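Heads up: the structure comes next, in structure tokens.
The values are calculated or read from the model by the stated rules, or taken from the named source; none is laboratory data. Treat the numbers as computed from the prediction; the structure is a model and nothing was measured. Cβ sites come from the backbone with ideal geometry, for glycine too, and all protein chains shown count toward neighbours.
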Amino acid sequence: MTRILVADPDLHSQQILADLLAERGYEFGAASDVSTALEPVSDGRVDLILADLSLPGGGGMELLEQVQRGHPETAVVLLSAFGSVQDAVKAMRHGAADFLGKPFAKDQVLLAVDRALEKSALKRENQELKLALDDRLRLDNVIGCDPRMQAIFKTVQAVADTRTTVLITGESGTGKTLLARALHQLSDRRAGPFVEVNCGALPESLLESELFGHVKGSFTGAVRDKIGKFEAAQGGTIFLDEIGTSTAAFQIKLLRVLQDRIIERVGDTKTISVDVRIVLATNKDLEQAVKDGEFREDLFYRINVVCVEMPPLRARRLDIQPLAEHFLQRFATEHGRKANNFSDAAAATLIHAQWPGNVRQLENVIERAVVLARGECIDRGDLPATLAPASLPPEGTSPTATSAGTGATDHDVDASTVGPPLPLKEALIEPEKRIIEQALAFCDGNRERAAAVLGINRSTLFHKLKKLGIR
Ligand SMILES: Nc1ncnc2c1ncn2[C@@H]1O[C@H](COP(=O)(O)OP(=O)(O)OP(=O)(O)O)[C@@H](O)[C@H]1O
Ligand SMILES: [Mg+2]
């Protein structure tokens, strides 16, 4: 049912409008100042407001501005007995659906009401469509047809809106970080921050201040107050990555936050309570780490409330094809390439490979293939020769070595073994230089594409170009 609010200090005028709306079968309410008018609006219970320009508590224009800011889908029609043309122009510019002079004709009001409601219905519809689209995107980002992935999605959806601590385990590159982000996006905290902390990478000395913040002067170098990651994540999610490699001291501090949800800035005695959802990830077997005395048992039980185990890619071969196609589309667009399908031989190679680097390795292999492929089809030859089938021992020295792979590597390095061997670092300079030059030539000098072909990131390539003196 359509709900209309009449915000007018003049009771007589309120009555006339109320009668008119009742005749039309609208549900309506009344308010005599700005703040009482805003109450039902903030609950999302109003479709349209008929507001007098001289409304106490700031005026109709102020009401209009506040409604536009917080609830733009609620339409506002302004009315005034003394309104000037300038007022009307200003009202329309600020998003009013209409501006009517008082006294008004009955038909005039009803026409304005109909029009405004039509507009607001359209706005609402648009907003709902947008939300539905957001929902799809969120689920689309994490691909998983395999029953084990489907089960994970169900768990994630079930706990998304709670504040339950979630532990994500799995080998490197299986999608732990992606899932943590998806969990945040799905939750009712999505409007809040998502703060990532790599616990393994933080030196002990910085850790406490990084996570909990500090007050000025609490230690040398603390020149001003600083808030920590936990405070920065207020109302949102904190993602503690690589929890398995954290130190004993860190584990004790974390246990305290998990138990009491309060923190203290370094050098401060004041406690601050934090409303934060905690998600943790590790590629270590924490149960084993507990047995080995590397991880506190009490902390393990605290964080192991909901545990999601990301299966390695080789254990969910059903997902390889859809993931490969997803990356193919993405990188073809990103690099402006024509590639849009896989040959049967290429598809078979992808499905049977070992994928020790999991989805991340697949992603890199596809990016490189997209850049290498000359036509629309990605063939076996566009994939690294090192993608050994699961049943065969991996070719070459390392199954993860997706770099180079232009066929020249093994040969060139072997050729340098005549005479006394050089130190490895030295022996590799020339072949490395040649391979990089080859990749650059192949990609017409485009460094971004050359980096993708070589399976390294751009900054690594730039660093190597400089080091090897390649122009
Ligand atoms: N199910 C998936 N669907 C789409 N992309 C994925 C999926 N899983 C992983 N990816 C992509 O693969 C890459 C590696 O994933 P991610 O960084 O989440 O792995 P991880 O388990 O956190 O790795 P690490 O242990 O090294 O931190 C990312 O680019 C991610 O977007
Ligand atoms: Mg990660």
Collect the residues in region 247-272 that are in contact with a helix residue (DSSP H, G or I) (Cβ under 8 Å, 6 or more places away or on another chain), within 23 Å of residue 184 (Cα to Cα) and not β-branched (Val, Ile, Thr), keeping them in residue-number order.
254, 255, 258, 259
Looking only at residues in region 236-263 that are among the acidic types (Asp, Glu) and crowded, with 16+ Cβ neighbours inside 10 Å, which one is nearest to the chain's Cα centre (by Cα)?
241
Scan region 82-107 for residues that are loosely packed, with under 13 Cβ neighbours inside 10 Å, without any contact (Cβ under 8 Å) to a residue 60 or more places away in the chain and part of a helix (DSSP H, G or I) and jot them down.
85, 86, 89, 93, 107
Considering only residues that are free of Cβ contacts under 8 Å to residues at least 24 places away in the same chain and within 20 Å of residue 174 (Cβ to Cβ), look in region 313-338 and name the one that is nearest to ligand 1 (Cβ to nearest atom).
330
Scan region 269-291 and tell me whether some residue there is closer than 23 Å to residue 156 by Cα and not assigned by TED's automatic domain parsing to the domain that holds residue 158.
no
From 357, 381, which residue is within 27 Å of residue 443 (Cβ to Cβ), of a type in the set (Gly, Ala, Ser), in contact (Cβ under 8 Å) with a residue 60 or more places away in the chain and assigned by TED's automatic domain parsing to the domain that holds residue 456?
357
Which of the residues belonging to region 449-467 are part of a helix (DSSP H, G or I) and surrounded by 14 or more Cβ atoms within 10 Å (Cβ to Cβ)?
449, 450, 451, 452, 453, 454, 461, 464, 465
Suppose the filter is surrounded by fewer than 22 Cβ atoms within 10 Å (Cβ to Cβ) and either within 18 Å of residue 82 (Cα to Cα) or among the aliphatic types (A, V, I, L, M) (or both); does residue 18 pass it?
yes
Working carefully through the options 317, 277, 296, find the one that is modelled with pLDDT of 95 or more and surrounded by 14 or more Cβ atoms within 10 Å (Cβ to Cβ).
277
Taking the criterion of being part of a helix (DSSP H, G or I) and within 13 Å of ligand 2 (Cβ to nearest atom), would at least one residue in region 170-177 satisfy it?
yes
For region 139-152, name all the residues that are farther than 13 Å from residue 319 by Cα and at pLDDT below 90.
139, 140, 141, 151
Out of region 37-54, which residues are over 20 Å from residue 103 (Cβ atoms) and not hydrophobic (A, V, I, L, M, F, W, C)?
39, 40, 42, 43, 44, 45, 47
If we keep only residues of region 170-220 that are basic (Lys, Arg) and away from ligand 1 (no atom under 12 Å from the Cβ), then the residue surrounded by the fewest Cβ atoms within 10 Å (Cβ to Cβ) is 216
Are any residues in region 221-242 closer than 24 Å to residue 182 by Cα, more than 16 Å from ligand 1 (Cβ to nearest atom) and out of contact with any helix residue (DSSP H, G or I) (no Cβ under 9 Å at 6 or more places or on another chain), and if so, which ones?
232, 233, 234, 235
Hey, could you check region 267-293 for residues that are of a type in the set (Asp, Glu) and more than 16 Å from ligand 1 (Cβ to nearest atom) and say which is nearest to residue 163 (Cα to Cα)?
275
Residue check for residue 332: more than 26 Å from the chain's Cα centre (by Cα), outside the structural domain of residue 249 (by TED's automatic domain parsing) and more than 16 Å from ligand 2 (Cβ to nearest atom):
no
Answer with yes or no whether residue 252 is aliphatic (A, V, I, L, M) and more than 16 Å from ligand 1 (Cβ to nearest atom).
yes
